[in-house]
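J.: Can you keep this structure in mind? I'll have questions shortly.
The values are calculated or read from the model by the stated rules, or taken from the named source; none is laboratory data. Computed from a prediction, not measured in an experiment: that's the story for all the values here. Methodologically, a virtual Cβ is constructed for each residue, glycine included, from the backbone with ideal geometry; neighbour enumeration extends over all protein chains shown.
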Number of protein chains: 2
Amino acid sequence: MEHIGDIEVVPCSSSKYLRPFRVHYSQNGTKKYWDFMRTHDSVSVLIFNTTSHCFILVKQFRPAVYMCEWERTKPQRSLEEEPKEGPADDVDPPPASAGVTYELCAGLVDKPDLSLEEIARQEVLEECGYDVPVDKLRKITSYRSGVGVTGARQTMFYAEVSDENCVGEGGGKEQEGELIEVIKVPLHEAMNFAYNESLPKTMGVMFSFMWFHNNMASKYKISTSV
Amino acid sequence: MEHIGDIEVVPCSSSKYLRPFRVHYSQNGTKKYWDFMRTHDSVSVLIFNTTSHCFILVKQFRPAVYMCEWERTKPQRSLEEEPKEGPADDVDPPPASAGVTYELCAGLVDKPDLSLEEIARQEVLEECGYDVPVDKLRKITSYRSGVGVTGARQTMFYAEVSDENCVGEGGGKEQEGELIEVIKVPLHEAMNFAYNESLPKTMGVMFSFMWFHNNMASKYKISTSV
């Protein structure tokens, strides 16, 4: 799907996106510190198309995932060592597909004036092309992500859409460099998809598919043996 | 459970734990870059005690989660602004409980000589005090975590233990500053626990509880209406 090349890794002394902080604190009288990153909370949305009985996911190239796989292709060395800087011409880089993941439609909570539902609605429109009324978004639950590093709260929603709600192609914001492919996973294939480890995905996909099977099974007449 | 005090936040120009890198690459001919962090893969383990019919979880104070809640108590401001440095004496800090999360027993894959199962076994022993033979660890699945920042692979296991396997108190490695409380969640309360948002937890807890209900229900004679 993609061609990835000209890979070059450099240390990042100042990043707009990743900014480590250190908190000093005392826990039961013992002085400690912890390095963490400030980040935004986020929302994710399980989208089910009731016309085609498909889940709508997004598929995209994730540089961080790709770099994990790139590390794996190299001679064994410790993560504590400095990475070799400069062009990666010493080994053949893995194919771009090694960095492609399947995910729920999702986005950061970075607009203080909007509710979580409104932010979720915008993401569904931008990434997947469906215009969903805010009151059709049902909250599934919330949880903590990256508890060691960011600890942000992620809230998961469920949205039923129909072909009539489809008003565009989605694909993300091109001006922000997003290159998102919209993917349909038929309901009857969903649990096989979820447990197929050759298709890299986030836990959100697996959790939400299972939630659907457990909570929507009667409505859509599917087997609960998942 | 804990007392947290003397909180002080400083920028972290050099962290042993969080080291941002930048990868420059071209995607379909377009030059791009992405900031990411190198990290280890990890394992997590759903532990079920067949003597008491309880799940065994760990509960610990997570500074990154606490700092998220600390931010929430302050006057609204953008994450892009610099945080106020120095002692946090301008507002009352939230109680320590705001930073406490419930999680699966888990650990980093940072010992190249050990298999994933062996690392999982060590974590179960260190954190929860159960000595589980490696061949009793059943792989559930694997997925990608933190796809925007780290992209590491996490592999989830299932371990059945009995009171006879309990050889210690667990609690983590004290020399590494770990302060882990071992928690039992009775099977019949598990799904209420999972969806109780006032008990902050990782998605791994929720996903694995649901996996258990869907896959072990017949063995342990529980209702599948979750």
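J.: Could you name every one of the strands (runs of 3 or more DSSP E) located completely within the range A:131-220 that has at least 1 residues being without any contact (Cβ under 8 Å) to a residue 40 or more places away in the chain and among the hydroxyl-bearing types (Ser, Thr, Tyr)? Give the steps one after another, and end with the answer.
T.: Details: elements: A:137-144, A:153-161, A:180-186.
Those strands (runs of 3 or more DSSP E) span A:137-144.
J.: Still on this structure: Kindly evaluate A:Ala120 against the criterion of being assigned to a helix (DSSP H, G or I), buried (at least 20 other Cβ atoms within 10 Å of the Cβ) and either at pLDDT 95 or above or among the hydrophobic types (A, V, I, L, M, F, W, C) (or both). Quick ask: steps written out before the conclusion?
T.: Values: assigned to a helix (DSSP H, G or I): yes; buried (at least 20 other Cβ atoms within 10 Å of the Cβ): yes; either at pLDDT 95 or above or among the hydrophobic types (A, V, I, L, M, F, W, C) (or both): yes.
Taking the combined requirement at face value, the residue satisfies it.
J.: Is one or more of the residues making up the range A:166-174 modelled with pLDDT of 90 or more and buried (at least 21 other Cβ atoms within 10 Å of the Cβ)?
T.: Going through the range A:166-174, the residues modelled with pLDDT of 90 or more turn out to be A:166-167.
Checking the rest, the ones that are also buried (at least 21 other Cβ atoms within 10 Å of the Cβ) come to none.
So far as the range A:166-174 goes, no, none of its residues is modelled with pLDDT of 90 or more and buried (at least 21 other Cβ atoms within 10 Å of the Cβ).
Condition check ((1) at pLDDT 90 or above; (2) in contact with a Leu (Cβ under 9 Å, 6 or more places away or on another chain); (3) within 30 Å of B:His188 (Cβ to Cβ); (4) more than 7 Å from every other protein chain (Cβ to nearest Cβ)) across all residues:
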position	(1), (2), (3), (4)
B:Ser14	no, no, no, yes
B:Val23	yes, no, no, no
B:Ile47	yes, yes, yes, yes
B:Leu57	yes, yes, yes, yes
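J.: Would you tally the residues in the range B:25-45 being within 30 Å of B:Asn165 (Cβ to Cβ) and more than 7 Å from chain A (Cβ to nearest Cβ)? Working first, answer last.
T.: Initial filter on the range B:25-45 (within 30 Å of B:Asn165 (Cβ to Cβ)): B:40-45.
Next, from what is left, pick out any that are more than 7 Å from chain A (Cβ to nearest Cβ): B:41-45.
Adding up the residues that qualify gives 5.
J.: Take the residues in the range A:89-111 that are over 27 Å from B:Ser208 (Cα atoms) and of a type in the set (A, V, I, L, M, F, W, C); name whichever of them is surrounded by the most Cβ atoms within 10 Å (Cβ to Cβ). Outline the logic, then answer.
T.: Here is the first cut: in the range A:89-111, the ones over 27 Å from B:Ser208 (Cα atoms) are A:89-97, A:110-111.
Filter once more, so that each one left must be of a type in the set (A, V, I, L, M, F, W, C): A:91, A:96.
Working: A:Val91: 10, A:Ala96: 17.
Restricting to residues being over 27 Å from B:Ser208 (Cα atoms) and of a type in the set (A, V, I, L, M, F, W, C), the top hit is A:Ala96.
J.: In the range B:177-209, which residue that is within 12 Å of chain A (Cβ to nearest Cβ) and among the β-branched types (Val, Ile, Thr) is nearest to B:Lys139 (Cα to Cα)?
T.: B:Val205
J.: Mind telling me which of the residues A:Leu137, A:Leu114, A:Leu125 ends up being surrounded by fewer than 19 Cβ atoms within 10 Å (Cβ to Cβ), farther than 28 Å from A:Ser198 by Cα, under 20 Å from the mean Cα position of the chain (by Cα) and at pLDDT 95 or above? Before you say what the answer is, go through the steps one by one.
T.: Values: A:Leu137 fails: surrounded by fewer than 19 Cβ atoms within 10 Å (Cβ to Cβ); A:Leu114 fails: under 20 Å from the mean Cα position of the chain (by Cα).
Within the list A:Leu137, A:Leu114, A:Leu125, the selection yields A:Leu125.
J.: Tell me, which residue of the range B:149-165 that is of a type in the set (Val, Ile, Thr) and modelled with pLDDT of 95 or more is surrounded by the most Cβ atoms within 10 Å (Cβ to Cβ)? Break it down into steps so the answer makes sense when it comes.
T.: Kept after step one, since they are of a type in the set (Val, Ile, Thr), are these residues of the range B:149-165: B:149-150, B:155, B:161.
Going one step further and asking which of them are modelled with pLDDT of 95 or more, we end up with B:155, B:161.
Numbers: B:Thr155: 20, B:Val161: 22.
Here the answer is B:Val161.
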